[in-house]
């Protein structure tokens, strides 16, 4: 579920394989990127993705974000 306080997005998302190039989560001002091992790390520079790139990523759920394997 997408709210102003938290949401999840994926670049290059393949729903059949549950893979994506990159996965991000936003939680009350903190942007994090998913690592290859499934952990998350802070990536404040990614906050700029909200503007102008909305055609490049898919909105996903928290459950999908936790299931997706990232490619890099």
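With springs only between Cα atoms under 10 Å, which of 32, 43, 16 fluctuates most in a Gaussian network model of the chain? Of 32, 43, 16, the most mobile in the Gaussian network model is 16.
For the pair residue 72 and residue 35 in one chain, pulling the backbone fully straight at 0.36 nm per residue adds 12.6 nm over the alpha carbon distance.
Once the piece of chain linking residue 61 and residue 17 is laid out straight, how much longer is it, given 0.36 nm per residue of separation minus the C-alpha distance between them? Write out the running numbers ahead of the final one.
Numbers: separation 44, 0.36 × 44 = 15.84 nm, distance 1.58 nm.
Going from the current span to full extension adds 14.3 nm.
Largest GNM mean-square fluctuation across 30, 55, 47, computed for the chain with C-alpha springs under 10 Å, falls on 55.
Is the shape of the chain rounded, prolate or oblate, going by the alpha carbon gyration tensor and its root eigenvalues a ≥ b ≥ c, with a/c under 1.5 for rounded and a/b larger than b/c for prolate?
rounded
DSSP beta bridges fully contained in the chain are about 90 percent antiparallel. For the chain, the 222 nm mean residue ellipticity estimated from helices alone, with every DSSP H stretch of n ≥ 4 adding -39500 (n - 2.57) and the total spread over all residues, rounds to -2000 deg cm²/dmol.
Throughout, read-outs are computed from the coordinates displayed, never taken from laboratory work. On a predicted model such as this, the values are computed, not experimentally measured, just so you know.
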